[in-house]
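Notes for the one structure printed next.
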Amino acid sequence: MIVVFGSINLDLIFSVPRIPAPGETVLGPSTTIEPGGKGANQAVAAGRDGGSVIMAGAVGRDALADGALRLLRSAGVDLERVMAVEASTGCAAIAVDPDGNNAICVGSGANLLACASQIEGALLGPATTLVLQMEVPADQTAALIARGRASRARIVLNLAPAAALPEDALRALDVLVVNETEGAWLGIHLGCAATAEALRDCLGGVAVVLTRGADGAEVAAADVVWLEPARAVDAIDTTAAGDCFVGVLAHRLDQGETLRAAVERATIAAALCCTRHGSQGSIPAAAETNAFAGGFAQP
């Protein structure tokens, strides 16, 4: 069972000829509105890959909430622990250029009221994979890490966006996922090099997956370091690729696969995600990832 504690947003996605510079207005031909939020995206990715997923988070009592939850429902994610609060539903504005690069602004809203107590103790145990990010209050995330560790759950943290957590919380993880920017921030914060191996060693052996976009994923587990190659695709939108990677990784670990096998599957799913426009809607189903994987030779 996978339990995701994190953000739930509605995304406004703008296709633009270039990412605006400070003070600049850039006109684009269209806008797409679809669900998003790192927590919700990762829950959908795990669900679409075949996982049994519970989502805990918060939305507002407003017109945005139903849209923000729409694809979670269609992915079969259990939403009983999503609460409605007196704040606006989280909303993100995403500018995407023709090369698939993006710039994102987020109004957190209801996400700032998400509480670790929404997840009861009975859900945490050795059969649970707990998935966390950094778009809800950090103190609540840290509290849930402590509870998960005490209950012997598997804990996967995507330190995104990069923000401070107590070092003992980071050391309590099973798997830490960061991109290059987040890895560089964490390396400075911990006083070590921004490599998967250095971060692993600094955190006392926590497995670290450092994603490098088209350059693949650098992985450091307890006794091995390797580079998982990226799958070559014509990327048109990278918005949800990182969340797709984390959700699929978590599902495969939850199924008992090795970290190497889980990273390989997550890399393939994220590559497919990059070939599609949109955020949460671009995340593939298991059958699509299976078919896509068949087009690549083994690395």
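The values are calculated or read from the model by the stated rules, or taken from the named source; none is laboratory data. Small disclaimer: the values here were computed from a predicted structure and weren't measured. In this analysis, Cβ positions are derived from the backbone assuming ideal geometry, glycine residues included, and neighbour counts consider all displayed protein chains.
Would you confirm whether any residue within the stretch 53-65 is hydrophobic (A, V, I, L, M, F, W, C), within 16 Å of the chain's Cα centre (by Cα), modelled with pLDDT of 95 or more and outside any strand (DSSP E or B)? I'd like the intermediate steps shown before the answer.
Within the stretch 53-65, the first condition is being hydrophobic (A, V, I, L, M, F, W, C), and the residues that meet it are 53-56, 58-59, 63-65.
Pick out the ones that are also within 16 Å of the chain's Cα centre (by Cα) and you get 53-56.
From what's left, modelled with pLDDT of 95 or more: 53-56.
Subsequent filtering for residues that are outside any strand (DSSP E or B) retains none.
Within the stretch 53-65, not a single residue is hydrophobic (A, V, I, L, M, F, W, C), within 16 Å of the chain's Cα centre (by Cα), modelled with pLDDT of 95 or more and outside any strand (DSSP E or B).
Out of the stretch 253-279, which residues are over 12 Å from Phe292 (Cα atoms), basic (Lys, Arg) and either at pLDDT 95 or above or surrounded by 22 or more Cβ atoms within 10 Å (Cβ to Cβ) (or both)? Of everything in the stretch 253-279, just one residue is over 12 Å from Phe292 (Cα atoms), basic (Lys, Arg) and either at pLDDT 95 or above or surrounded by 22 or more Cβ atoms within 10 Å (Cβ to Cβ) (or both), namely Arg260.
With the requirement that a residue be touching a Lys or Arg at 6+ places or on another chain (Cβ under 6 Å) and at pLDDT 95 or above, what does the stretch 284-299 give you?
Step one: filter the stretch 284-299 for residues touching a Lys or Arg at 6+ places or on another chain (Cβ under 6 Å), giving 285, 296.
Once the filter is applied, which keeps residues that are touching a Lys or Arg at 6+ places or on another chain (Cβ under 6 Å) and at pLDDT 95 or above, the stretch 284-299 yields only Ala285.
Of all the numbered requirements in (1) surrounded by 24 or more Cβ atoms within 10 Å (Cβ to Cβ); (2) out of contact with any helix residue (DSSP H, G or I) (no Cβ under 6 Å at 6 or more places or on another chain); (3) of a type in the set (Val, Ile, Thr), Val136 misses one, and that requirement is (2). Residue-level check: of (1) surrounded by 18 or more Cβ atoms within 10 Å (Cβ to Cβ); (2) touching a Phe, Trp or Tyr at 6+ places or on another chain (Cβ under 8 Å); (3) farther than 19 Å from Gly247 by Cα, Gly57 misses just (3). Mind listing whichever residues of the stretch 66-102 are of a type outside the set (S, T, N, Q), at pLDDT below 95, under 19 Å from Cys273 (Cβ atoms) and surrounded by 14 or more Cβ atoms within 10 Å (Cβ to Cβ)? Listed by number, the residues that qualify are Ala92, Ile94, Ala95, Val96, Asp97, Gly100. A Cβ distance below 6 Å, combined with a sequence gap of six or more or placement on separate chains, defines the contacts here; from the stretch 99-127, residues that are among the β-branched types (Val, Ile, Thr) reach residues that are modelled with pLDDT under 95 and crowded, with 19+ Cβ neighbours inside 10 Å in the pairs Ile104/Ala92; Ile104/Ile94; Val106/Ala92.
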